[in-house]
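The block underneath contains the structure these notes are about, expressed in structure tokens.
Coordinate-derived values only; no laboratory data. Keep in mind it's a predicted model, so treat the numbers as computed, not measured. Glycine gets a Cβ as well: all are built from the backbone with ideal geometry, and neighbour counts include every protein chain shown.
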Amino acid sequence: MEQGAAGTHGYREIAKRMMPLARHEDVVVSEVETDVLVYDRRRHRAHALNRSAALVWRHCDGQTSVGELTNVLKRELEPSADEAVVWLALSQLGKADLLQDGASPAGAPVSFSRSRRELLRRAGVGLVAGALVLPSVQSIVAPTALAAGSCGGLGEDCSGNKHDFCCPGFKCKPTSSKKARCTPHDSSGRHGSR
């Protein structure tokens, strides 16, 4: 779908009224130098927000428009930052589920959905300044406490667990008490001869 000047202008008017709201429920936030780490307890995902993504996320208070977010980036980070940088940040934050009510700019016009390289070229900034301006939200799945547990060592109960619960060199072997314990592969208890 092609957008004319009127379509883009109309979208800019909507964007001025759009006031994204950061999700703070079920998240743990930790600041590390200029980055922000956000752990989503609901989805067990950890997100690292670089400085520009963090600035946008911190100011998504439901009272600040996309235009005002652009001014925040210009004032606090880089004068060449433009609305496309904010839309990229909002897109990444939305994909990471860090905005309330799915307030992601999925309907942003083509003129706002530029690649990082296009934004750098358009802004006319060097790589160092560009690295500061372009938002980045890196996400990983964090294992639950149970899944992050270590493997079972000698004599540990492995009843009801998968056979891969026992550490390397051990196997889950039934005992006479209808339980199973991690035992060395060699049933005599020796790990081999020297």
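Laid out as a table, the results:
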quantity	calculated
Subset of the stretch 20-54 that is over 23 Å from Ser65 (Cα atoms) and of a type in the set (Gly, Ala, Ser) - its residue that is surrounded by the fewest Cβ atoms within 10 Å (Cβ to Cβ)	Ser30
Cβ-Cβ under 7 Å pairs, at least 6 apart or on other chains, the stretch 26-38 side assigned to a strand (DSSP E or B), far side polar (S, T, N, Q)	Asp35/Asn50; Leu37/Ser30
Test set (1) surrounded by 14 or more Cβ atoms within 10 Å (Cβ to Cβ); (2) touching a residue at least 40 places away in the same chain (Cβ under 8 Å); (3) more than 15 Å from Val137 (Cα to Cα) - Asp61 fails condition number	(1)
Matching residues in the stretch 88-97 - criterion: being in contact (Cβ under 8 Å) with a residue 40 or more places away in the chain and assigned to a helix (DSSP H, G or I)	Leu88, Ala89, Leu90, Gln92, Leu93, Lys95
